[in-house]
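Enquirer: This structure is in structure tokens; I'll ask about it shortly.
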Amino acid sequence: MSAEGLRAVIVGWTAVASVTAVALLRISAPYGRHARRGWGPSVPAPVAWIVMESPSPILMTVFFLAGHRHGAAPATFLALWVGHYVYRSFVFPLLGAGRKAPMPLSLVLFAIAFNVVNGTLNGAWLFMVGPERTVAWLGDPRFVAGLSLFALGFLTHVRADAALRALRAPGASGYAVPRGGLFDLVSCPNYLGEIVEWCGFAVLTWSISALSFAVWTAANLLPRALAHHRWYGERFEDYPRRRKAIVPGLL
């Protein structure tokens, strides 16, 4: 496919994100604290996370190896993408094994399809048909600024995940109010961090495919953060009213 053809596909795929965001504002995805019956058979949460997230780094690696751009800049893009997904596909679910409710198989299948599409669009654009980035790109202000955002976002959501895990003693279930750090400002700093991370990736690659993925990340996580925020407020009478859902002081 030509660059123009792939660009049109990416634009169309990005437009679907707005419809998804509206749907998720009305219906929370049924996993984690929002798990509920009526969505068919379920899969253990650690297995679900590994199976549904793995296609993305695998596909990016395949496109990198099959493409003709193997310089320092494309290799760095791949390393950042795979680094995130090693955490999301393996470290995150295994650290929290047994602590989360099973996930509906239907949702797992949808997530697999979503990750296949995003892995394919980004892999094809970055390593095959998009603008070529030479080693000089690694000194470009856009790369430096984007990498800083990516690192900040990644560290933010990893630390927030760790804080949430620490709220539960081994073998315990149930939820508690997280406190300290960014949790004093927002209910979901983990989601805020992930959105910042992928916005950073869009800047450091300066690509339409990564911008599309950043839009999709926000479309998925902003509604979920709002749902989490409501959930906390409904279940904990002492929940801090000054906290926002995901953007300090705003949302």
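Since every read-out is calculated from the coordinates, none of them should be taken as a lab result. Only a predicted model underlies this, so the values are computations on that prediction, with no experimental measurement involved. Note: ideal-geometry Cβ built from the backbone for every residue, glycine included; neighbour counts use all protein chains shown.
Enquirer: Helix 105-124 versus the longest principal axis of the chain: what is the Cα-based angle in degrees, 0 to 90, to the nearest 10?
Expert: Tilt of helix 105-124: around 30 degrees.
Enquirer: Only Cα pairs under 8 Å and at least 6 apart count here; give the relative contact order of the chain as a rounded whole percent.
Expert: Answer for the chain is 25 percent.
Enquirer: Quick one: pull the percentage of alpha-carbon pairs in the chain with a separation above 35 Å.
Expert: For the chain, the fraction of Cα-Cα distances above 35 Å is 15 percent.
Enquirer: Quick one: Met60, Met1, fewest Cβ neighbours within 10 Å first, how do they rank?
Expert: Met1, Met60
Enquirer: For segment 56-160, calculate the relative contact order in percent as a whole number, restricting contacts to Cα pairs under 8 Å that are 6 or more residues apart.
Expert: It comes to 46 percent, rounded to a whole number.
Enquirer: Rg and Dmax in Å for segment 1-129, alpha carbons only: what are they?
Expert: 16.5, 49
Enquirer: Could I ask something else about it? Using mean Cβ contacts within 10 Å as the protection proxy, how do 232-243, 196-207 order, highest first?
Expert: Averaged packing, sorted descending, gives the order 196-207, 232-243.
Enquirer: While we're here: So, how do all the Cα-to-Cα distances of segment 48-106 break down into 5 Å bins, in percent, from 0 on up?
Expert: It works out to 4, 17, 23, 19, 14, 10, 7, 4, 1, in whole percents.
Enquirer: Can you tell me the Rg and the Dmax, both Å, for the Cα atoms in segment 86-184?
Expert: Rg and Dmax of segment 86-184, Cα atoms, are 18.4, 51 Å.
Enquirer: For segment 86-138, place one equal point scatterer on every Cα, skip the solvent, and apply the Debye formula. What is log10 of I(q)/I(0) at q = 0.14, 0.18, 0.30 Å⁻¹?
Expert: Per q value, in the given order, log10 I(q)/I(0) is -0.61, -0.79, -1.12.
Enquirer: Helix 189-205: angle to the longest alpha-carbon principal axis of the chain, degrees 0 to 90, nearest 10?
Expert: That works out to roughly 10 degrees.
Enquirer: Helix-only estimate, please: 222 nm mean residue ellipticity of the chain, summing -39500 (n - 2.57) across DSSP H runs of length 4 or more and dividing by its residues, to the nearest 500.
Expert: The per-residue figure over the chain is -21000 deg cm²/dmol.
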